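Everything below concerns the one structure shown next.
The values are calculated or read from the model by the stated rules, or taken from the named source; none is laboratory data. All of these numbers come straight from a predicted model, not from anything done at the bench. So basically every Cβ, Gly included, is an ideal-geometry build from the backbone, and we count neighbours across all protein chains shown.
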Amino acid sequence: MPKSRKRRAHRASEPAAGAGDRTPIMHPISKLPVIRDLIDGQVEEDAPLLGNLRDALATPWVMDNQTVARTTRLYRERLDFIPHYRQQLALWSGDPDHGHLLPEFERLVGQVSTLEVTAREILAIAAKLKVGTIEKMLAKSDLELGLEALLRGTPF
């Protein structure tokens, strides 16, 4: 076999390229401020987005396919990361040397739960918005749009 066609074999401990189930790195307690800021920052940024998406449910045609797809991808990734946050917080809170930080760990566990609930709601709204994006509306004939408007009671 020519050298250019040889493929590098992966070791059993090495994930294949693009593998999504990598083993998370457990961080030392010195990384608590970074992880706290990540969690709190995500909770803070999710609230306005969730409000905007709720508002968009009334007029889904203001959304485009790319925005809805990007939102879906990002919040699926966020949901995939939630167990890593929980695992890290459980590791730290289980260490007797960190007993004085238990209230902060409990607060962050609550924030992670908020992240999960919000991400699930954002994904549910994105799924609803996906069927009525501007591209979907532009692909319909005037007759289809008119009939939908009449059936929906929309005055345009």
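Miscellaneous remarks
- Remark: pairs (first residue in the range 67-80, under 14 Å from ILE39 (Cα atoms); second residue of a type in the set (Ser, Thr, Tyr) and part of a helix (DSSP H, G or I); Cβ separation under 6 Å; 6+ apart in sequence or on different chains) are absent.
- Every condition in (1) part of a helix (DSSP H, G or I); (2) under 30 Å from ARG152 (Cα atoms); (3) out of contact with any helix residue (DSSP H, G or I) (no Cβ under 7 Å at 6 or more places or on another chain) holds for LEU53 except the one numbered (3).
- Which listed residue, of VAL112, VAL62, is in contact (Cβ under 8 Å) with a residue 40 or more places away in the chain and over 19 Å from ALA127 (Cβ atoms): VAL112
- In the set (1) crowded, with 16+ Cβ neighbours inside 10 Å; (2) within 25 Å of PRO83 (Cβ to Cβ), the condition left unmet by HIS27 is number (1).
- The residues on offer are LYS3, LYS31, and the sole one that is of a type in the set (Lys, Arg) and either modelled with pLDDT under 80 or at positive phi (or both) is LYS3.
- You will find that of HIS100, HIS84, the residue that is closer than 20 Å to HIS27 by Cα, in contact (Cβ under 8 Å) with a residue 12 or more places away in the chain and not aromatic (Phe, Trp, Tyr) is HIS84 and no other.
- Residue count for the range 82-135 satisfying the condition of being surrounded by 15 or more Cβ atoms within 10 Å (Cβ to Cβ), within 12 Å of the chain's Cα centre (by Cα) and not β-branched (Val, Ile, Thr): 6.
- Which listed residue is at pLDDT 95 or above and part of a helix (DSSP H, G or I), from GLU144, GLU148, GLU135, GLU121: GLU121
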